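Chemist: Sharing a structure here in C-alpha cells format.
The values are calculated or read from the model by the stated rules, or taken from the named source; none is laboratory data. What you see is a predicted model; the values in this text were computed from it and never measured. Cβ placement follows ideal geometry from the backbone for every residue including glycine, while neighbour counts extend to all protein chains displayed. For the accessible areas, the whole protein counts, side chains as well, though only heavy atoms, and no ligand, DNA or RNA atoms are used. Shrake-Rupley method; radii C 1.70, N 1.55, O 1.52, S 1.80 Å.
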Amino acid sequence: STGFVLSDVFAEDNRNINDKIATLISTVDANDFLKINTQIEVVSVGFRLNNKMYLSFGFYEELDAIGYFPKDFLVLFTEGNNQYINRNFSISQVNYKLDLFGVFHAGISKKMNEKLTLGARLKIYSSSINFESKNNTGTFTTVEDSNNLYTHYFNNFNATFRTSGFIDANTNQYLEDPTEYVKNTFFGGNLGLGFDFGVTYHINSQLKFSASILDLGYIHHKKNIKNTRVAGNFVFEGTDFLFETADSANDWDSIDERFEEDFPRGDNQEAYISWRSTKINAALKYSFGQRRSKVCYDHRYKDFYTDALGVQLFSVFRPLGPQLALTSFYEKSITDKIHTKFTYTIDEFSYTNIGAGLSAQLGKLNVYTMLDNILSYKNLSSANHVSLQVGFNLIFE
C-alpha cells in the first residue's frame, strides 16, 4: 500500500477509529493504491535436451489485484456533500483491477554461442475471476437552486464496470461454491494467450547482462459476464416528502424508482478483453572473488566466482502507468551447494527495503527462500510492503 499503513487505522492509541479514517482519507490521493499478488506453483518441470537447449513446462495459479483510492468518492461517502457545494467529484478516480487465474506454460532456452543465450515461453491463461474498471469520466456536483434547496448534477458520465466469472449468466446469481472458482482456473472458458522472452549476454567472463519481458498477453472473457455501463447525464432535484401522511412510506421508494428509470445505466453480457500486467526486468552483474570449478551435468568442469555485485531495474505496467523498482544486490557462494543474496531496493513503497535470499542443495533437494523489507518485520502493521517466497526443487542429474 502507498499513502497509509494498517497501524494508521488499527493502532491501539486511544484515538477514535472514525477520526483515524478521516485523517487517512485527507492524506491519501488518487495515485495511492493497495495491491496484492500471490503465486502458487502447482507443478514445474524442466529438463535439458543437450548442452545447448533446456525445456520447461508447468502450471501455477496467481491472484493479482490493484485498486487506486477514489479520494473524491471516499470524501463524499464519509462526509456527505453538505460542505462541498459546487465541488465536482470525479468518477475518473475509480480505477481497479482484480484477476484470479491459472497459467499453463511451456518454454525453451537455447545457448546460441558462448556469450548469448535466448529464451521464450508460451502461456495459456485460464481466468476464474476478473473485476476491472478504468478510463472512466464524469462528475457529480451539488449546487444551490431556486426551485429546491439543492440540485444534483451527474454530468458527462461514461463509466464501465466489468466482471467475469463471478455471476452465473443463466441464473444471475453469485457463484457461491468455492470449488467452482478453483475449477475455472483449469480451462474454465475465459482463456487467453501470453508470452515471456528473455536474454542473457556475457560481456566477458565476469560481466553479464540479462533482461526479460514477462506476461505480454491478454485474456478473452466471454463466460459468466456481467458488465454495467453508465453513460449520459442525469439531474436530480430531490423530492417533496409528505411527512405524517399515508404516502410518506413511499417517498424513499419513489427516489429509488426515479434513479432506476432515469439514471443512464444498463447491464450487458458482452465479451471483453483484459490485458495482463506486463513486467520488464533488466540486470547487470559483475562476478569476482575466488574462482572455483564444479562438475556439470555432462561431467565437464565449469568455472564460477564466489562473489557478485549487480543492479536490477524492474517495471510493471499498471492502469495509471508503470511502477518501478531499482535494486542493488550482492551474491555470496558459501560453498558450491549454498548460495546467499542480499538486496537493497528503492521503489514507491520505501527507501529502506533490505532483502535476503538463501538457496541450499541437500542431495537431490534444493530449498530456497527470499524475503524483502526485513526491517519491517519487527512491526508488520507499519509496513507498506512485504514480500516472501519459499520453494523446493527436486534435481536429477
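Chemist: Restricting attention to the range 168-192, which residues are out of contact with any Asp or Glu (no Cβ under 9 Å at 6 or more places or on another chain) and either at positive phi or hydroxyl-bearing (Ser, Thr, Tyr) (or both)?
Modeler: Scanning the range 168-192 gives 171, 172, 179, 181, 187, 189.
Chemist: While we're here: Looking only at the range 39-63, filter to residues that are open to solvent by less than 70 Å² (accessible area, probe 1.4 Å) and charged (D, E, K, R); which one of those is nearest to the chain's Cα centre (by Cα)?
Modeler: Taking the candidates together, the pick is 62.
Chemist: Going residue by residue through the range 71-81, is there one that turns out to be more than 19 Å from residue 131 (Cα to Cα), open to solvent by 80 Å² or more (accessible area, probe 1.4 Å) and in contact with a Phe, Trp or Tyr (Cβ under 8 Å, 6 or more places away or on another chain)?
Modeler: Checked the range 71-81: no residue is more than 19 Å from residue 131 (Cα to Cα), open to solvent by 80 Å² or more (accessible area, probe 1.4 Å) and in contact with a Phe, Trp or Tyr (Cβ under 8 Å, 6 or more places away or on another chain).
Chemist: Give me the pairs: first residue in the range 329-353 and farther than 24 Å from residue 380 by Cα and among the small types (Gly, Ala, Ser), second residue in a strand (DSSP E or B) and open to solvent by 20 Å² or more (accessible area, probe 1.4 Å), beta-carbon distance under 8 Å, and six or more apart or on different chains, which are they?
Modeler: Listed by first residue and then by second, the contacts come to 333/292; 333/304; 333/305; 333/339; 333/340.
Chemist: Failed condition for residue 346, given (1) open to solvent by 60 Å² or more (accessible area, probe 1.4 Å); (2) touching a Lys or Arg at 6+ places or on another chain (Cβ under 6 Å); (3) not aromatic (Phe, Trp, Tyr), with all others met?
Modeler: (2)
Chemist: Which of the residues belonging to the range 349-360 are surrounded by fewer than 17 Cβ atoms within 10 Å (Cβ to Cβ) and under 19 Å from residue 390 (Cα atoms)?
Modeler: As a first pass, look at the range 349-360 and keep what is surrounded by fewer than 17 Cβ atoms within 10 Å (Cβ to Cβ): 351-352, 354, 356, 358, 360.
Once the filter is applied, which keeps residues that are surrounded by fewer than 17 Cβ atoms within 10 Å (Cβ to Cβ) and under 19 Å from residue 390 (Cα atoms), the range 349-360 yields 354, 356, 358, 360.
Chemist: Further question: Out of 66, 36, 85, report the one residue that is over 15 Å from the mean Cα position of the chain (by Cα) and either assigned to a strand (DSSP E or B) or modelled with pLDDT under 95 (or both). Spell out how you get there, then give the answer.
Modeler: Working: 66 fails: over 15 Å from the mean Cα position of the chain (by Cα); 36 fails: over 15 Å from the mean Cα position of the chain (by Cα).
Only one candidate qualifies: 85.
Chemist: Across the range 254-270, what is the number of residues that are more than 24 Å from residue 168 (Cα to Cα) and part of a strand (DSSP E or B)?
Modeler: As a first pass, look at the range 254-270 and keep what is more than 24 Å from residue 168 (Cα to Cα): 254-259, 261-264.
Applying the additional criterion that residues be part of a strand (DSSP E or B) yields none.
Total satisfying the criteria: 0.
Chemist: Taking only the range 1-33 into account, find how many residues are open to solvent by less than 50 Å² (accessible area, probe 1.4 Å), assigned to a loop (DSSP other than H, G, I, E, B) and either in contact with a strand residue (DSSP E or B) (Cβ under 8 Å, 6 or more places away or on another chain) or in contact (Cβ under 8 Å) with a residue 60 or more places away in the chain (or both).
Modeler: Here the count works out to 7.
Chemist: Scan the range 88-108 for residues that are more than 21 Å from the chain's Cα centre (by Cα), open to solvent by 40 Å² or more (accessible area, probe 1.4 Å) and under 18 Å from residue 214 (Cα atoms) and report the count.
Modeler: Of the residues in the range 88-108, the ones more than 21 Å from the chain's Cα centre (by Cα) are 88-91, 106-108.
Of the ones still in play, those that are also open to solvent by 40 Å² or more (accessible area, probe 1.4 Å) are 88, 106, 108.
The next check asks that each one be under 18 Å from residue 214 (Cα atoms); those that pass are 106, 108.
Of the residues in that region, 2 qualify.
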